[in-house]
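Read-outs throughout are calculated quantities, based only on the coordinates presented, and are distinct from any laboratory measurement. Predicted model only: the values in this text are computed from it and were never measured. Neighbour counts run over all protein chains shown; Cβ positions are idealised from the backbone, glycine included.
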Amino acid sequence: MSSPRGKSAHSTAQSVRQLINAGAFDEVIRALDSGVLTSESGAATIAKLAAGRGAVDRALRELVSNWASHFASLDNSDFALQLETIKEAVALTDGEATQTEVVWTGPKVEGSYLRATRQVVQDIISAAHSELLVVGYWLAGKEDYEGIINDIIELMADAVARGVKVTMVLDEGEKGYGKNNRDTLIALWPKGVALPKLLTWKIPPDDKHLKLHAKVLVADRHDALVTSANLTMYALDRNMEMGVRAQGQPSERIAQHFDLLGHKEVLVPYAL
């Protein structure tokens, strides 16, 4: 980007981004197509198009300056095509970008604004449109008071009811109160709603230390939470737990990884 051409290309791309963010990009393209905006346009024409929007005015000034200095051979139609190409490249890049968010369970600390694990879990489940993957080590039952887990289960059942394909991958070992995750889920699941697809890792009986210990939530292969928190009241509301929410490509890779585990029969049906 040290060459004049590189600097101009970067500056032009920045101007396009600013016009997109300001909601003025389509106006600029129309002005180019109609001949209102040209490489020779002056401050008065630019100010009229900007209509008092400072960011738009600055972006247009930079855009026209670059056009006149480095792309003068391009007519209005060609320059408009270049801007449209930059816009599409920006859209593709944004679509592939990963947005991350740190998620926290625990004491609130002044100056920290991390979102609560419980709220993020609820948001991801509620927003699922087509498929939902839930992976967990410990699902608490009715004994885990305050209704937090019941609310989470109801959200999953609502997802099933609206046509979301829900898959739960749960550890099969015995948990608190002498129960396992499968029996706990059945006890909590609303009557009249089909159970989700249940899978587990069939751990060899001669190794009592192995655990399906991952805690993961993925909606629509786009929105994932990887966390230390189990599906228990303490983990979602009172312990110190931390996770990372990733929206974008990593979510699809996580879902694909669990698809492969099922395809290779590492994960098997958690028999009812």
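Only one item in (i) 1.19; (ii) 0.99; (iii) 0.95 matches Rg/Rh (Cα atoms, Kirkwood Rh) derived from the coordinates shown, and that item is (i). Here's the list of aspartates and glutamates a cross-link from Lys179 could span, going by alpha-carbon distance under 17 Å and ignoring same-chain residues fewer than 8 apart: Glu143, Asp144, Asp171. Exceedance of the 19 Å cut-off in Cα-Cα distance is limited, within the set Lys48/Lys87; Lys165/Lys197; Lys175/Lys197; Lys165/Lys202; Lys191/Lys211; Lys215/Lys264, to Lys48/Lys87; Lys175/Lys197; Lys165/Lys202; Lys191/Lys211; Lys215/Lys264.
Taking other Cβ atoms within 10 Å as a rough exposure proxy, Thr45, Thr227, Thr98, Thr167 sort from fewest to most as Thr98, Thr45, Thr167, Thr227. The residues Val90, Val103, when put in order of fewest to most other Cβ atoms within 10 Å, stand as Val90, Val103. Exposed loop sites are taken as chymotrypsin sites (Phe, Trp or Tyr not before Pro) in a DSSP loop (any state but H, G, I, E or B) with at most 14 other beta carbon atoms within 10 Å; the longest stretch of the chain without one runs 146-272. Per residue, the chain reaches -14500 deg cm²/dmol at 222 nm when only DSSP H runs of four or more residues are counted, each adding -39500 (n - 2.57). Given DSSP loops and a limit of at most 16 other Cβ atoms within 10 Å, what is the longest stretch of the chain that contains no such GluC sites (Glu not before Pro)? After excluding every exposed loop site, the longest remaining stretch is 147-264. Among complete DSSP H helices in the chain, those whose alpha-carbon atoms stretch at least 18 Å along the helix's long axis and whose mean Kyte-Doolittle hydropathy reaches 0.5 are 148-161.
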